[in-house]
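Q: Got a structure here, written out as structure tokens. Questions coming.
The values are calculated or read from the model by the stated rules, or taken from the named source; none is laboratory data. The shown structure was predicted, so the numbers you read here are calculated from the model rather than taken from an experiment. Virtual Cβ from ideal backbone geometry, glycine too; neighbours counted across all protein chains shown. Heavy atoms of the whole protein, side chains included, go into the accessibility calculation; ligands, DNA and RNA do not. Shrake-Rupley method; radii C 1.70, N 1.55, O 1.52, S 1.80 Å.
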Amino acid sequence: MRWGDFARGKRAPLAVAAGSLGVALVGGCSLVGEISDARRIDASPLRVHGVVDRVVQVKGGARVRVSYQVGGQRFGTEDLPVGQMAGPTDPTVGTAVCLEASTEHPETVRLCGQRYPGGDNMIPTEGLVVLAGAAGALMAVGWTVTITRQERREREAEVLPCDRLTCGHGTFI
């Protein structure tokens, strides 16, 4: 098979399968991280007050940095969906934010009232990414099996040239 026959050959489905598995793996790792962080906070929650110390406007919203203190140490995070929970107006520098942190891992934090650090809407989103990646990989495997079966049928259907004694199937003329 030549590289020019990429779409008909087995390289295209293998590339799709590899890409789909990569998407599923990244989504799965992110999903596991969110769940792990939530369990960490649930095991030993500590309510702290954070303060918005930086707001940067980006396409589609704002990136908000929240600083907080646990046990005399200062921490900061930009991972929280603060702008989504603020209400009708965007948060401004100096806005107080209620946070729940893990006592054992104070760098793991979420907004009060949420179950997951990245926001409660991230779990279904990441689950759909994993599902789409797995479905793409399964589709590519089915595509490879179909192409392999079709090539085998085409090879079996080829008529072999007959010689004097046999006609391609071992029968005598």
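Q: Conditions: (1) over 30 Å from Pro81 (Cα atoms); (2) modelled with pLDDT under 85. Tyr116 meets all but one. Number of the miss?
A: Result: Tyr116 passes all but (1).
Q: If a residue has to be over 16 Å from Leu80 (Cα atoms) and among the acidic types (Asp, Glu) to count, how many in the stretch 29-55 make the cut?
A: Final tally of qualifying residues: 1.
Q: Report, by residue number, each residue of the stretch 62-94 that is at pLDDT below 90 and in contact with a helix residue (DSSP H, G or I) (Cβ under 8 Å, 6 or more places away or on another chain).
A: Ala62, Val64, Asp90, Pro91, listed by residue number.
Q: Next up: Which pairs have Cβ atoms under 8 Å, sit 6 or more apart or on different chains, and link a residue in the stretch 97-121 that is under 18 Å from Leu31 (Cα atoms) and touching a residue at least 40 places away in the same chain (Cβ under 8 Å) to one that is in a loop (DSSP other than H, G, I, E, B) and open to solvent by 30 Å² or more (accessible area, probe 1.4 Å)?
A: Arg110/Tyr116; Pro117/Asp79; Gly118/Asp79
Q: Consider Thr146 against the criteria (1) of a type in the set (S, T, N, Q); (2) surrounded by 12 or more Cβ atoms within 10 Å (Cβ to Cβ); (3) at pLDDT 85 or above: it satisfies all of them except one. Which criterion is unmet?
A: Checking Thr146 against (1) of a type in the set (S, T, N, Q); (2) surrounded by 12 or more Cβ atoms within 10 Å (Cβ to Cβ); (3) at pLDDT 85 or above, the one that fails is (2).
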